[in-house]
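The values are calculated or read from the model by the stated rules, or taken from the named source; none is laboratory data. Worth saying up front: this structure is predicted, and the values here are computed from it rather than measured. Here the Cβ positions follow ideal geometry from the backbone for every residue, glycine too, while neighbour counts run over all protein chains shown. Surface accessibility is based on the protein's heavy atoms, side chains included, excluding ligands, DNA and RNA. Shrake-Rupley method; radii C 1.70, N 1.55, O 1.52, S 1.80 Å.
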Amino acid sequence: FFTLAIGLIIFTNLKLSIALLVGAVGMILTGVLSIDEAYASVSWKTVFLLASLIPLGYAMESTGTAAWIAQEALILLGDVTPLVLQGVLALLATFFSLVMSNVAATVLLVPLAINIALAAEADPSVFALTVALATSNAFLIPTHQVNALIMGPGGYRVADFLRAGSLMTLVFLVVMLTMVNVVFG
């Protein structure tokens, strides 16, 4: 069923979610996986977190809150180039992804990034991409699940992550901003 799902993704126009659902339902119907095992494997905290953040992002956009925050940010920053605005958004996205999931940070910040880009007469898709990529910048502290997974067995401490992660975070931001603007700007 895994091969079937991957084949549907690669060789058909079926959406990714539908193709993977076909594989999962196939495993349940044939007894490879019980419905209880499937239910237990779902991270319900993550489901409810994302289920609440998506409407929050929509509410920020539809009420004008994202536009208002964007205008206030532009007033606060003054007359700066779009690259500086992207840098500020990248730093904000990096910080948000340290205290919440990267998906949640993306959902929350993309409407804000789009409104900042529109207000600055820049390309909104480049600003949204900047936020989406910057939320993957998880080198600074072990809040990302992969960092937390290697922390114990590797004998690492938070200070180790801060020491190595600070430079990696800066390198990531510079390379990411450069490449986004070279390729899409």
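Tabulated values for the structure
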item	result
Elements of type helices (runs of 4 or more DSSP H) contained in the range 51-124, each with 1 or more residues being among the small types (Gly, Ala, Ser), touching a residue at least 60 places away in the same chain (Cβ under 8 Å) and over 15 Å from residue 136 (Cβ atoms)	82-99
Number of the condition not met by residue 20 [criteria: (1) over 22 Å from residue 101 (Cβ atoms); (2) in a helix (DSSP H, G or I); (3) open to solvent by 70 Å² or more (accessible area, probe 1.4 Å)]	(1)
Checklist (1) open to solvent by 30 Å² or more (accessible area, probe 1.4 Å); (2) in a helix (DSSP H, G or I); (3) farther than 21 Å from residue 60 by Cβ applied to residue 139, failing item	(2)
Residue satisfying all of: in the range 155-185; of a type in the set (D, E, K, R) and open to solvent by 80 Å² or more (accessible area, probe 1.4 Å); farthest from residue 128 (Cα to Cα) among these	157
Qualifying residue in the range 31-48 (condition: within 30 Å of residue 126 (Cα to Cα) and surrounded by 14 or more Cβ atoms within 10 Å (Cβ to Cβ))	no
